[in-house]
Each structure stands twice: as structure tokens, then as C-alpha cells.
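The values are calculated or read from the model by the stated rules, or taken from the named source; none is laboratory data. Being a predicted model, the structure only gives us computed values, none of them experimental. Note: ideal-geometry Cβ built from the backbone for every residue, glycine included; neighbour counts use all protein chains shown. In case anyone asks, the SASA skips ligands and DNA or RNA and just uses the protein heavy atoms, side chains included. Shrake-Rupley method; radii C 1.70, N 1.55, O 1.52, S 1.80 Å.
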Amino acid sequence: MSIDNLRGALPEYAKDQKLNLGSLTRSTELSEQQLWGALVAAAAATRNATVISEITDEAKEHLSEEALNAAFGAATVMAMNNVGYRAKGWLGDDYAQVKFGLRMNIISKPGVEKADFELWSLTVSAINGCEHCSVAHANTLREEGLTKEQIWEGVKVGAVVQAVAQAIEIEAAR
């Protein structure tokens, strides 16, 4: 199994991430689709080929092709939005009302339930460090009926997958 491959590739100093990755994949807070979509979106956000490949390989056992594509869609649209919205914040009030002006149709028609796509978008936004997008997606998720524990689980997925990717990069560079 691919998650096991990642866990096996982690060095001793990343033992916590081995344990965290194992416990997250057994999460009961999220549906199977929510969990595996968050893992895929997080993997894509790390930009680490090994992490993307290993998680995606296993996710194919848990996600439809449409859900897999939606998770990748969340990662790519948030890559764009997180840069744009962070920059608008940095540039100040003069830019607050400037039209974003970039296509993001996938947000309105992701091919999966709105709550699932929003959760994956939050996971990626947390990795990318976009406060504006993280808050907006968390608020939408609450409106969609997710609990704060479920929302936090999405953030935890992002945090752990990012840490796993960093350890894999460190080992590749050593």
C-alpha cells in the first residue's frame, strides 16, 4: 500500500509523522471521500512527486475518477487563489475592491459535494498559508454543516502531509 511506502520511507527523526499519517488514514471524523480527497489535495499542494504519486496510487482505491480530479482541481485553483488573496491583503485597502479577474469555474462545479471540495480547498489553503482563504472555507464548511472537529481534521491532514513531504525532500537531498 502506498501510505505504507511513505511511512516506510520516513527516517527516525520523522517518527511522529509516521504515527500521525497512520492515525489520520484511520480517521473517523471525515467520510472516506473527504479524507482521501484531502490527502490527494494536500499531496498536490506539497509539490513533492513521491508524495503525490504514493498518495494518489492508494487514493484510487477510495475515490472515483471525478473525485480524484476534483481534489487536484482544489489544489490547483487554491494555488492561484492563495497567491492572489494573500497579495491583495499585503497590498492593502487600495486593492480590496479590485476584481480578481481570473477564472475559477471549478469552485462552482467541482463534480463533488460542495462541502468536500471546500474541505479540500481549506486543506490546501492551510498548507499555502492563506489566512483569507482558510477563514472563508472554514466559514463555508460550518454553513454546510461540518463540525469544527471535521474542519480541523482537514487542517491536520494538510499539516501532516506537508511534514511528510519535507522529510522526504530532506532525505532525497542528504
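Annotations
- Residue check: Ile55 meets all listed conditions (1) farther than 20 Å from Gln150 by Cα; (2) modelled with pLDDT under 95; (3) open to solvent by less than 10 Å² (accessible area, probe 1.4 Å) but one, namely (2).
- For region 7-25, the count of residues that are surrounded by 13 or more Cβ atoms within 10 Å (Cβ to Cβ), within 15 Å of the chain's Cα centre (by Cα) and assigned to a loop (DSSP other than H, G, I, E, B) is nonzero.
- Scope region 48-62; condition charged (D, E, K, R), in contact with a helix residue (DSSP H, G or I) (Cβ under 8 Å, 6 or more places away or on another chain) and free of Cβ contacts under 8 Å to residues at least 40 places away in the same chain; matching residues: Lys60
- Per-region count, region 40-51, residues under 15 Å from Gln166 (Cα atoms) and either crowded, with 20+ Cβ neighbours inside 10 Å or in contact with a Phe, Trp or Tyr (Cβ under 9 Å, 6 or more places away or on another chain) (or both): 7
- Flag if Leu30 is part of a helix (DSSP H, G or I) and open to solvent by less than 50 Å² (accessible area, probe 1.4 Å): no
- When Ile106, Ile127 are checked against the criterion of being touching a Gly at 6+ places or on another chain (Cβ under 6 Å), over 26 Å from Leu21 (Cβ atoms) and of a type in the set (Val, Ile, Thr), a single residue qualifies: Ile106.
- For region 77-84, the criterion of a residue being part of a helix (DSSP H, G or I), open to solvent by less than 90 Å² (accessible area, probe 1.4 Å), touching a helix residue (DSSP H, G or I) at 6+ places or on another chain (Cβ under 6 Å) and of a type outside the set (S, T, N, Q) is satisfied by at least one position.
- Region 44-76 - residue that is assigned to a helix (DSSP H, G or I) and of a type in the set (D, E, K, R) and, of those, farthest from Val112 (Cα to Cα): Glu54
- Restricted to region 89-174, the set of helices (runs of 4 or more DSSP H) holding at least 3 residues that are of a type in the set (Phe, Trp, Tyr) and open to solvent by 20 Å² or more (accessible area, probe 1.4 Å) is empty.
- Scanning region 132-155 for residues that are within 25 Å of Gly89 (Cα to Cα), modelled with pLDDT of 95 or more and not aliphatic (A, V, I, L, M) returns Cys133, Ser134, His137, Asn139, Thr140, Arg142, Glu143, Trp152, Gly154.
Condition check ((1) under 18 Å from Leu39 (Cβ atoms); (2) within 18 Å of the chain's Cα centre (by Cα)) across all residues:
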| site | (1), (2) |
| --- | --- |
| Gly89 | no, no |
| Ala96 | no, no |
| Lys99 | no, no |
| Ile107 | no, yes |
| His137 | yes, yes |
| Thr140 | no, yes |
| Thr147 | no, yes |
| Glu153 | yes, yes |
| Ala167 | yes, yes |
